[in-house]
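A short write-up of the structure that comes next.
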Amino acid sequence: MNRKRAGGNEFYDILETPLGALYLVFSGYFLTGIAFAKPGGLVMKKNEETEAVKRELTEYFEKDRREFTCRTSFLEGTDFEREVWNALKEVPYGETRTYKWMAEKVGKPHAFRATGNALGKNPIPIIFPCHRIIESDGSIGGYSSGIDIKRRLLEIEYYTKLSRG
């Protein structure tokens with residue numbers, strides 16, 4: 001994860017999940033990244049905000065949370081990438097949309113590849129649910145942390161939706 005430093009106040013905390021350890025990167029009180037590998041050059045720290053984010057993610061993995069309220073901030077990304085990442089919040093829990101839909105949503109209907117590339121750079125997956133974007137033919141498509149993780153995230157949401165209607 002290539003990160004711009006925000007005045008030296010970046011740190012991380014760890015959350016154990018059914019997918020393995022998640023490294024939650026913060027700048028001050030804002031979540032700025034979620035990674036499956038330990039971020040280099042940062043110290044581990046806990047505070048009220050890290051605990052709140054960990055609680056929301058734990059609830060998500062326990063199938064008790066469908067939307068996130070934690071404070072987030074993008075420290076990287078082009079205007080187009082940020083627009084794509086923010087549009088992910090419009091994909092409802094337990095549903096999927098296509099790369100084509102996403103490209104159209106951000107006003108670039110022919111920019112499928114650019115949209116896919118932006119999704120692959122999403123620094124805050126799960127909270128900004130890029131796992132909900134699939135191919136037009138219904139195939140799963142790619143995922144920066146691997147398609148097995150994408151499949152498991154979709155299964156968590158799909159089976160929760162079925163059991164709760």
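The table below lists the values:
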read-out: Where residue 58 falls short, out of the listed (1) in a loop (DSSP other than H, G, I, E, B); (2) out of contact with any Ser or Thr (no Cβ under 7 Å at 6 or more places or on another chain); (3) assigned by TED's automatic domain parsing to the domain that holds residue 27; value: (1)
read-out: Residue match in the stretch 139-148 (condition: in contact with an Asp or Glu (Cβ under 7 Å, 6 or more places away or on another chain) and modelled with pLDDT of 95 or more); value: no
read-out: Evaluation of residue 77 against (1) touching a strand residue (DSSP E or B) at 6+ places or on another chain (Cβ under 7 Å); (2) not in a helix (DSSP H, G or I) (one fails), failing number; value: (1)
read-out: Residue in the stretch 43-55 that is modelled with the lowest pLDDT, counting only those that are charged (D, E, K, R) and not in a helix (DSSP H, G or I); value: 46
read-out: Test: residue in the stretch 93-109 that is outside the structural domain of residue 24 (by TED's automatic domain parsing), surrounded by fewer than 16 Cβ atoms within 10 Å (Cβ to Cβ) and in contact with a strand residue (DSSP E or B) (Cβ under 9 Å, 6 or more places away or on another chain); value: no
read-out: Scope the stretch 135-151; condition surrounded by fewer than 19 Cβ atoms within 10 Å (Cβ to Cβ) and either of a type outside the set (Gly, Ala, Ser) or outside any loop (DSSP other than H, G, I, E, B) (or both); matching residues; value: 135, 137, 140, 147, 148, 149, 151
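The values are calculated or read from the model by the stated rules, or taken from the named source; none is laboratory data. Model, not experiment: these values are computed from the prediction. Here Cβ is always computed from backbone atoms with ideal geometry, including for glycine, and neighbour counts include all displayed protein chains.
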